[in-house]
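Shown next, in structure tokens, is the structure this report addresses.
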Amino acid sequence: MNAANAGEILAVSNLTRIFGGLTAVRDVTMTVQAGEVVGLIGPNGAGKTTLFNMLGGSLPPSSGSIRFAGTDCTGAPSHVMGQRGVSRTFQITSLFPSLTALDNVRSAAYRTTRTGWGAAILRSAAYRREEAELRRKALEILAFCDLDHRADTLADAMSYGEQRRLEIAIALAAEPRLLLLDEPAAGMNPEEGQRLVEMIRRIRARDVTVLLVEHHMRVVASVCDRLVVLDHGVKIAEGPPSQVLNDPEVIRVYLGREPVDA
Amino acid sequence: MNTNSHAQPLAIAGGVAALAVLPFLAGNAYLEHLLVLWMLYALLALSLNIVIGYLGELTFGHAAFVGVGAYTSAILSTQLGLPPLLGLPLAGLVAAAFGLVIGYAALRVVGPQFAILTLGFGAILFTITNHWVDLTRGPMGITDIPPMAIGPLAFDSARPTYYLVLALVLATAWLCHALVGSRTGRAFLAVRENAPLAASLGINVFHTKLMGFVAATAIAGIGGAIYAHYIRVITPDIMGVHNVAALIIVVIIGGRGTILGPILGALVYIGLLESLRVAGPLRMVIFAALLTGTVVFLPGGLVSLWQRWRNAHRSENNLPATPTGLPSTEGGAK
């Protein structure tokens, strides 16, 4: 199972996270192939966000290992995962509130830019070239997320839907190889959800692998190649959406309970 | 935007020209002295603004680094006879070294805990300076500090010193402007705005904060050294609580996270300090009220008044307004 596959970008094996007496994630083993869109689903409290936090480096695993692009990343801190090409969005809207949309995206391009303070003081040719290129790229990403008309608007003055798109723009500005989306459709109406599906498809077309946690089954079913289902921290099913969403066990733990939760 | 891109360099050129002729308009030595103090406070406030405005961390230790710089240059020139001109960069280096060690320890925590740690480290430096009489002459202070000189040009009076500090203020303003327009500065703002998100984008939050803190302490040290060679006498009071408070007041009243703010705040502070001299100790109460009033009613500081006016003006002309915004290149703090 751990044999290096040419297309394998993420390999998680026997990952476990214990909080005091609670095992939030237990022995989860899964892989993500480059270019895939994989959905991580499960009822509330199933350990999805805990797993995400471990993949993003903000939470060290209790045991098990994480390999990203062939390198062991177990326990690497958040900024190291970021530098290696794992970008994420957060469940609760997370951006740079008092900066403009354009500066949000420019700040996020830290990984892909090189010239620093010294070059800026001297206004070197390399600095000016990179700044012009960065501006062009940032505007392109804003246009990609349908926010180019809001480039000079402060992030906290934007509507909720715009903020959620800006979060994705921020994550994309780091030019990630793997993008972790934590409930991107939360609080969206069906129309916005459909727009998100389109956006995720276009993100994949940029050669970015996507792993997303999502509750909106319509979004999950229409955009994911493969689903991984967690319940009480344990992986209970894996496979293409059509198969997983018809799995009796999945229906029992998750879909069957949904009307009760809602 | 188009009119703005022409208006801004013009306004800056006009402002610099006004600052350059100011000593000739002052007319007397006392006013020239106040101009020097204004520029000194502007320089120190600009450095503190890197921490408060760009990194978003409150530090109560800044005056201690001003003191480290002042004592470094004063001791080197009085005891070793080193030319003050050489003492200046050394003061910056020594203050930065202190900043590196203290920042390395204190920046492990953030927010109020960091502020309290800096208060503690500031108090330790003050106490050491006050009691290590062999080195610092303790509460008696160091007297007869030689004035700074570049070749035949001696900075032994207010007017030449004013131009020296003005040059440093302009240089520091440029450093800050370049900072917020660079990858490094955008990382500062990202860390201020949202540290977990910044980290997820590959920014090392601790290193970023340490870098800003050390840069701020280096500039503070240089400012302290100029102060020592200008006033010619220093006592441990330079590291005292009132100086800590003064610098914070200057940055907040002027407008944190901007370049014009600390310079403007220093003008207000020095102006009020002198014009309220009749009020005696009551001055500090007035400053406290001003600080509180600014925080409550004008969180963006004095510079945000201009922003408000411009936004009102723009909406009159149906131009897009930047809501509450300081220009993004200034990286306005909330």
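Looking at B:Thr258, B:Thr235, B:Thr217 in this structure, which one is among the β-branched types (Val, Ile, Thr) and within 14 Å of chain A (Cβ to nearest Cβ)? Write out each step before concluding.
Details: B:Thr235 fails: within 14 Å of chain A (Cβ to nearest Cβ); B:Thr217 fails: within 14 Å of chain A (Cβ to nearest Cβ).
The conditions single out B:Thr258.
Counting only residues that are among the small types (Gly, Ala, Ser) and touching a Ser or Thr at 6+ places or on another chain (Cβ under 7 Å), which one in the stretch B:285-324 is modelled with the highest pLDDT?
Within the stretch B:285-324, the first condition is being among the small types (Gly, Ala, Ser), and the residues that meet it are B:288-289, B:293, B:300-301, B:304, B:312, B:315, B:321.
Restricting the remaining residues to those that are touching a Ser or Thr at 6+ places or on another chain (Cβ under 7 Å) gives B:301, B:321.
Details: B:Gly301: 85, B:Ala321: 45.
Here the residue is B:Gly301.
Within the stretch A:103-118, work out how many residues are hydrophobic (A, V, I, L, M, F, W, C) and more than 7 Å from chain B (Cβ to nearest Cβ).
From the stretch A:103-118, those hydrophobic (A, V, I, L, M, F, W, C) are A:105, A:108-109, A:117; that's our starting set.
Going one step further and asking which of them are more than 7 Å from chain B (Cβ to nearest Cβ), we end up with A:105, A:109.
Going through the stretch A:103-118 one residue at a time, the tally reaches 2.
Of all residues in the stretch B:23-43, count the ones that are farther than 20 Å from B:Val250 by Cβ and free of Cβ contacts under 8 Å to residues at least 60 places away in the same chain.
Residues meeting the conditions: 6.
Condition check ((1) in a strand (DSSP E or B); (2) out of contact with any Cys (no Cβ under 9 Å at 6 or more places or on another chain); (3) of a type in the set (S, T, N, Q)) across all residues:
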position: A:Ala171; (1), (2), (3): no, yes, no
position: A:Leu180; (1), (2), (3): yes, yes, no
position: A:Ala186; (1), (2), (3): no, yes, no
position: A:Glu191; (1), (2), (3): no, yes, no
position: A:Leu196; (1), (2), (3): no, yes, no
position: A:Arg204; (1), (2), (3): no, yes, no
position: A:Leu212; (1), (2), (3): yes, no, no
position: A:Leu227; (1), (2), (3): yes, yes, no
position: A:Leu230; (1), (2), (3): yes, yes, no
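Tell me the residue from A:Leu227, A:Leu196, A:Leu179 that is closer than 26 Å to A:Ala109 by Cβ, modelled with pLDDT of 90 or more and of a type outside the set (D, E, K, R), please. It would help to see each step written out before you state the result.
Working: A:Leu227 fails: closer than 26 Å to A:Ala109 by Cβ; A:Leu196 fails: modelled with pLDDT of 90 or more.
One residue alone meets the criteria, A:Leu179.
The rows are residues; the columns are (1) surrounded by fewer than 23 Cβ atoms within 10 Å (Cβ to Cβ); (2) in the same structural domain as A:Thr29 (by TED's automatic domain parsing); (3) hydrophobic (A, V, I, L, M, F, W, C).
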position	(1), (2), (3)
A:Arg67	yes, yes, no
A:Ala76	yes, yes, yes
A:Thr93	yes, no, no
A:Val105	no, no, yes
A:Ala108	no, no, yes
A:Thr113	yes, no, no
A:Leu122	yes, no, yes
A:Arg128	yes, no, no
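Tally the residues that are surrounded by 14 or more Cβ atoms within 10 Å (Cβ to Cβ) and either more than 24 Å from the chain's Cα centre (by Cα) or β-branched (Val, Ile, Thr) (or both), restricting the search to the stretch B:77-95.
4
Looking at B:Asn130 and the list (1) of a type in the set (S, T, N, Q); (2) in contact (Cβ under 8 Å) with a residue 12 or more places away in the chain; (3) closer than 24 Å to B:Val51 by Cα, which single condition is not satisfied?
Going through (1) of a type in the set (S, T, N, Q); (2) in contact (Cβ under 8 Å) with a residue 12 or more places away in the chain; (3) closer than 24 Å to B:Val51 by Cα one by one, B:Asn130 breaks only (3).
Out of A:Val25, A:Val80, which single residue is surrounded by 20 or more Cβ atoms within 10 Å (Cβ to Cβ), among the β-branched types (Val, Ile, Thr) and touching a residue at least 12 places away in the same chain (Cβ under 8 Å)?
Within the list A:Val25, A:Val80, the selection yields A:Val25.
Of the residues that make up the stretch A:87-100, is at least one touching a strand residue (DSSP E or B) at 6+ places or on another chain (Cβ under 6 Å) and either away from chain B (no Cβ under 11 Å) or among the basic types (Lys, Arg) (or both)?
Checking the stretch A:87-100: at least one residue is touching a strand residue (DSSP E or B) at 6+ places or on another chain (Cβ under 6 Å) and either away from chain B (no Cβ under 11 Å) or among the basic types (Lys, Arg) (or both).
Can you pull out every residue in the stretch A:60-77 that is over 19 Å from A:Ala34 (Cβ atoms) and without any contact (Cβ under 8 Å) to a residue 24 or more places away in the chain?
Once the filter is applied, which keeps residues that are over 19 Å from A:Ala34 (Cβ atoms) and without any contact (Cβ under 8 Å) to a residue 24 or more places away in the chain, the stretch A:60-77 yields A:Pro60, A:Thr74, A:Gly75, A:Ala76, A:Pro77.
Would you mind listing the strands (runs of 3 or more DSSP E) fully within the stretch A:1-103 where at least 3 residues are not small (Gly, Ala, Ser)? Break it down into steps so the answer makes sense when it comes.
Numbers: elements: A:8-19, A:22-33, A:37-41, A:63-68, A:86-88.
Hits in the stretch A:1-103: A:8-19, A:22-33, A:37-41, A:63-68.
Going by the conditions given, is A:Asp225 closer than 30 Å to A:Leu134 by Cβ, out of contact with any Gly (no Cβ under 7 Å at 6 or more places or on another chain) and not aliphatic (A, V, I, L, M)?
Details: closer than 30 Å to A:Leu134 by Cβ: no; out of contact with any Gly (no Cβ under 7 Å at 6 or more places or on another chain): yes; not aliphatic (A, V, I, L, M): yes.
No; evaluated as a whole, the condition is false for this residue.
Only one of B:Leu82, B:Leu86 is modelled with pLDDT under 90, farther than 14 Å from B:Phe213 by Cα and in contact with a helix residue (DSSP H, G or I) (Cβ under 7 Å, 6 or more places away or on another chain); which? Talk me through it step by step, then tell me what you get.
Numbers: B:Leu86 fails: in contact with a helix residue (DSSP H, G or I) (Cβ under 7 Å, 6 or more places away or on another chain).
Every option except B:Leu82 fails the conditions.
Tell me the helices (runs of 4 or more DSSP H) entirely within the stretch B:126-194 that contain at least 3 residues that are within 14 Å of another protein chain (Cβ to nearest Cβ).
Working: elements: B:133-136, B:158-180, B:183-193.
Those helices (runs of 4 or more DSSP H) span B:158-180, B:183-193.
Is it the case that B:Ile249 is assigned to a helix (DSSP H, G or I), among the β-branched types (Val, Ile, Thr) and in contact (Cβ under 8 Å) with a residue 60 or more places away in the chain? Lay out the reasoning, then the answer.
On the way: assigned to a helix (DSSP H, G or I): yes; among the β-branched types (Val, Ile, Thr): yes; in contact (Cβ under 8 Å) with a residue 60 or more places away in the chain: no.
Criteria not met by B:Ile249.
Output the number of the condition that B:Gln113 fails; it satisfies all remaining conditions of (1) under 22 Å from B:Thr129 (Cα atoms); (2) out of contact with any Pro (no Cβ under 7 Å at 6 or more places or on another chain); (3) of a type in the set (S, T, N, Q).
B:Gln113 satisfies all of (1) under 22 Å from B:Thr129 (Cα atoms); (2) out of contact with any Pro (no Cβ under 7 Å at 6 or more places or on another chain); (3) of a type in the set (S, T, N, Q) except (1).
The values are calculated or read from the model by the stated rules, or taken from the named source; none is laboratory data. Since the model is a prediction, treat every value here as computed from it, not as a measurement. Glycine gets a Cβ as well: all are built from the backbone with ideal geometry, and neighbour counts include every protein chain shown.
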